[in-house]
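The values are calculated or read from the model by the stated rules, or taken from the named source; none is laboratory data. Computed from a predicted structure; not experimentally measured. Heads up, the Cβs are rebuilt from the backbone with ideal geometry, glycines too, and the neighbour counts pull from every protein chain shown.
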Amino acid sequence: MRVRFAPSPTGALHIGGARTALFNWLLARHAGGELVLRIEDTDAERSTPENVEQILDALQWLELDWDEGPILQSARAGRHREALQALLDAGHAYRSNATAEDVKEYKRLHGADRGFRGEPESAGAVRLHVPADGATVVHDLIRGETRFEHVHLDDPVIARADGSVLYNFAVAIDDLDAGITHVVRGEDHLSNTPKQLLVLEAARDAGIDRSEDGRQTPLPLYAHLPLLHGPDGKKLSKRHGAASVQELRDAGYLPEAVRNYLALLGWGAGDDATVMSTEELIERFTLERVSRNPARFDETKLRWLNGRYIRGMPLGELTRRIERFTGREGLQDAVRISQEKIHTLADFWPLAGSLIDGPVEDPSARERWLTGDGRAALADARAALAGAASFDEAGVGEALAAVVEGRAVKPREVYQPLRVAITGSTVSPGIFESIALLGREETLRRIDRALAGD
Ligand code: GLU
């Protein structure tokens, strides 16, 4: 099996493209085959080197590797021209100056459902001769057969008058030359497939397939992946949250969780399994289980799944990732007491950063918790902590439980003022763990500041 991922570098790698890349990668790894990376950069204006970089960067972050390439489509212009000439020479293509107007006129004369056939001319754009009879049948591995009757297909333009080839021609020749066995891509490309198959048939007939042993390269098989929708059932777009791989990374998702989640967009193992390691995905992934129905990208589910991965990760590894994400060091203790409470790497700092950098400013939290009874509870808590026999989590817990009991209040009447005193806000990891982490001296210092009102 040889598959390819063929992004057009017109911007960041979006979730749909990442899903296509992942499915191809899983297929190749499952079958022990190869994944070819081809950059379809023929739109010179939009295909900037920065955009190419962005795509490579996104694939690297997702840890999807490839076996060949990146092949730049633009670098293959010579080969494309040569293939075009071979089709012209073999009579499978012809030059024509027919305009859109001429095509319209043709349909007015022959019927609207009649495919346009041009008259060969000595110059002009190049059109492919669609055979007069028969049909091109796309045997889609996911969607079944779609038949395209030739009589309805226009002779497609495959190159401009200057000999530069158009998209469907370049893709077909590139797939042929790379020996691609399975073309797996988004459903939006289904309508291109008959044109590409017709180019491939003509290319084979013109004898330009390049297999070295002289045998004909078999035509690739096709599989079109279901569309992606947002949770509201509409086509996936920016308003559904993070739309590109870079945004997912910046939002603190883990690549392994993203791979797991993307794999479930249109595919399932058949037993409702949701949390699957990459090894398991490779083991279980087959095209037979890809659905035809649109899949829903729901960031809440990704967040949930990411939280599962975070909780299942060894502490040292999670610390390493959070330190890289935040650009800070020495976070292990704070990570340990936050691991159960965060869903993404980005959740860590807002939760626990104040334990490291000092309390944040949140006047409304102070207003709510550090006046009246709250202040009195804080003073009691200070005294208890100052006298606690030990200052580990258990010792802190014991000392504070006595305060709650002594004041005969609900625990939060003591813990919230304390939390605001040590972090500035009402969010933090567990209060005993947080206090134990700060240590007695720092905790008392922070409480004293809060009591002094600065
Ligand atoms: N370059 C096309 C895209 O980014 C994909 C072409 C293909 O997979 O055949 O949408």
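Tabulated values for the structure
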| quantity | calculated |
| --- | --- |
| Residues of the stretch 392-416 classified as over 42 Å from the mean Cα position of the chain (by Cα) and either under 16 Å from S364 (Cβ atoms) or surrounded by fewer than 19 Cβ atoms within 10 Å (Cβ to Cβ) (or both), total | 15 |
| Enumeration of residues in the stretch 262-275 that are crowded, with 18+ Cβ neighbours inside 10 Å and not in a helix (DSSP H, G or I) | L264, L265, G266, W267 |
| All positions within the stretch 204-234 that are surrounded by fewer than 19 Cβ atoms within 10 Å (Cβ to Cβ) and of a type in the set (D, E, K, R) | R204, D205, R210, E212, D213, R215, D232, K234 |
| Residue satisfying condition, being modelled with pLDDT under 95, of a type in the set (G, A, S) and over 30 Å from L128 (Cα atoms), within set A44, A31, A58, A12 | A12 |
| Lone unmet requirement of (1) closer than 23 Å to L236 by Cα; (2) within 12 Å of the ligand (Cβ to nearest atom) for R38 | (1) |
| Spans of helices (runs of 4 or more DSSP H) in the stretch 146-261 with at least 1 residues touching a strand residue (DSSP E or B) at 6+ places or on another chain (Cβ under 6 Å) and within 16 Å of the ligand (Cβ to nearest atom) | 167-177, 193-205 |
| Count of residues meeting criterion [at pLDDT 95 or above, β-branched (V, I, T) and closer than 29 Å to W267 by Cα] in the stretch 138-168 | 1 |
| The one condition in (1) buried (at least 20 other Cβ atoms within 10 Å of the Cβ); (2) within 21 Å of E145 (Cα to Cα); (3) of a type outside the set (A, V, I, L, M) that E201 fails to fulfil | (1) |
| Residues located in the stretch 425-443, provided they are within 13 Å of W369 (Cβ to Cβ) and either touching a Phe, Trp or Tyr at 6+ places or on another chain (Cβ under 8 Å) or surrounded by fewer than 21 Cβ atoms within 10 Å (Cβ to Cβ) (or both) | S425, T426, V427, I431 |
| The stretch 41-61, residues that are away from the ligand (no atom under 16 Å from the Cβ) and closer than 24 Å to F285 by Cβ | Q60, W61 |
| Residue match in the stretch 123-140 (condition: within 13 Å of the ligand (Cβ to nearest atom) and part of a loop (DSSP other than H, G, I, E, B)) | no |
| Boolean, L370 is buried (at least 17 other Cβ atoms within 10 Å of the Cβ) and closer than 30 Å to E317 by Cα | no |
| Residue list for the stretch 175-198, restricted to those being surrounded by fewer than 20 Cβ atoms within 10 Å (Cβ to Cβ) and among the charged types (D, E, K, R) | D177, E187, D188 |
| Some residue of the stretch 361-374 being touching a Pro at 6+ places or on another chain (Cβ under 8 Å), part of a helix (DSSP H, G or I), at negative phi and of a type in the set (G, A, S) | yes |
| The stretch 1-11, residues that are assigned to a loop (DSSP other than H, G, I, E, B) and within 12 Å of the ligand (Cβ to nearest atom) | A6, P7, S8, P9, T10, G11 |
| Given (1) within 14 Å of the ligand (Cβ to nearest atom); (2) under 29 Å from L281 (Cα atoms), number of the condition L72 does not satisfy | (2) |
| Sole exception among (1) assigned to a helix (DSSP H, G or I); (2) more than 30 Å from V184 (Cα to Cα) for K301, by number | (2) |
